[in-house]
Amino acid sequence: MSDRYHDGTITCHDDRVDLRGYYAPFGTKTIPYAQIKGLQRFEITGIMTGRWRLWGTGNPRYWANLDVNRWKKKVGFVIDLGRAVSPIVTPDDPDAFESVIRGRANLEAGTSRRFTGPFI
């Protein structure tokens with residue numbers, strides 16, 4: 001297991017996660033691991049779960065960072081920060097990303113791999 005992850009839009013550092021393209025127009029959201037309450041893996045099944053959404057949301061409970069390749073991806077994650085709005089990310093290597101986040105944020109292994117994602 002590696003303790004780092006980077007794919008151009010998501011970078012997992014020793015103490016935090018950076019989500020590039022989260023704020024307009026290109027601002028980075030920084031999330032300390034200590035603020036992460038949970039991580040929900042979901043399948044990107046179509047337009048309702050954000051397959052064609054490049055950035056933002058259609059649902060005020062979630063916000064997706066800029067990812068021009070999201071339409072090619074099959075897996076996304078909701079990062080629960082215990083706030084009204086939760087970030088949505090679609091890493092290039094979902095298993096590596098999940099492993100790093102769960103390890104750094106001290107979260108138990110997820111069991112919801114068949115969860116159909118939220119409307120974003």
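Each reported figure results from applying straightforward, stated rules to the coordinates on display, with no laboratory input. If you're wondering where the values come from, they're calculated on a predicted model, not measured in any experiment. Reconstructed Cβ throughout: ideal geometry from the backbone, glycine too, with neighbour counts over all protein chains shown.
Which residues' amide hydrogens lie under 5 Å from the amide hydrogen of TYR23, considering only partners 5 or more residues apart or on another chain, with H built in the peptide plane?
THR28, LYS29
Taking amide H positions as placed in the peptide plane 1.01 Å from N, state which residues far from TYR62 in sequence (5 or more) or on other chains have amide H under 5 Å from it.
SER86
Go through region 91-107 residue by residue and turn each phi into a ³J(HN,Hα) via Karplus (6.51, -1.76, 1.60, θ = phi - 60°); whole Hz please, and just put x for glycine and proline.
x, 5, 10, x, 5, 5, 4, 4, 4, 5, 4, 4, x, 6, 8, 6, 9
What 222 nm value per residue comes from the helices of the chain, counting each DSSP H run with n ≥ 4 as -39,500 (n - 2.57) and dividing by all residues, nearest 500 deg cm²/dmol?
On the way: 1 runs with 11 residues, N = 120.
Counting only the DSSP helices, I get -3000 deg cm²/dmol.
Place a +1 charge on the Cβ of each Lys and Arg in the chain and a -1 charge on the Cβ of each Asp and Glu, then give the dipole magnitude about the Cα centre in debye, rounded to the nearest 20.
Details: 18 positive and 13 negative charges, 92 e Å.
Here the size comes out at about 440 debye.
Hey, fewest Cβ within 10 Å first, where do PHE26, PHE77 land in order? Before the final figure, lay out the partial values.
Details: PHE26 9, PHE77 22.
Fewest to most other Cβ atoms nearby, the residues stand as PHE26, PHE77.
Hey, if you put +1 on the Cβ of every Lys and Arg and -1 on every Asp and Glu Cβ in region 5-104, which of GLY76, PRO60, VAL89 ends up farthest toward the positive end of that dipole?
Of GLY76, PRO60, VAL89, it is PRO60.
Compute, for region 1-61, the length of the dipole vector about the Cα centre, with Cβ point charges of +1 (Lys, Arg) and -1 (Asp, Glu) only. Units Debye, rounded to 20.
Result for region 1-61 is approximately 300 debye, rounded to the nearest 20.
Could you run the Karplus curve 6.51 cos²θ - 1.76 cosθ + 1.60 with θ = phi - 60° over region 38-45 and give me ³J(HN,Hα) per residue in whole Hz, x for Gly and Pro?
Running phi through 6.51 cos²θ - 1.76 cosθ + 1.60 with θ = phi - 60° gives x, 9, 10, 7, 9, 8, 8, 9 Hz.
THR45 versus VAL68, label points 7 Å from Cα toward the beta carbon: distance in nm?
3.0
Given an 8 Å cut-off on Cα distances and at least 6 residues of separation, report the relative contact order of region 9-94 as a percent.
Numbers: 168 pairs, mean separation 22.3, N = 86.
Contact order relative to length: 26 percent.
Give, in nm to one decimal, the length gained when the segment between ARG16 and ASP80 is fully stretched (0.36 nm per residue of separation minus the Cα-Cα distance). Walk me through the intermediate numbers first.
Working: separation 64, 0.36 × 64 = 23.04 nm, distance 1.43 nm.
Length gained between ARG16 and ASP80: 21.6 nm.
Can you give me the long-range amide H partners of HIS13? Hydrogens built in the peptide plane at 1.01 Å from N, cutoff under 5 Å, separation of 5 or more residues or another chain.
HN-HN under 5 Å from HIS13: ASP18.
Give me the net charge for the shell around VAL100: Cβ to Cβ below 11 angstrom, other residues only, Lys and Arg +1, Asp and Glu -1. Could the numbers behind the result be given before it?
Working: positive: ARG4, ARG102, ARG104; negative: ASP3, ASP14, ASP93, ASP95, GLU98.
For residues surrounding VAL100, the net value is -2.
Net charge around ARG70, counting only other residues with Cβ within less than 11 Å of its Cβ (Lys, Arg = +1; Asp, Glu = -1)? Each step should come with its number before you reach the end.
Values: positive: ARG51, ARG53, LYS72, LYS73, LYS74; negative: ASP67, ASP92.
Residues near ARG70 contribute +3 overall.
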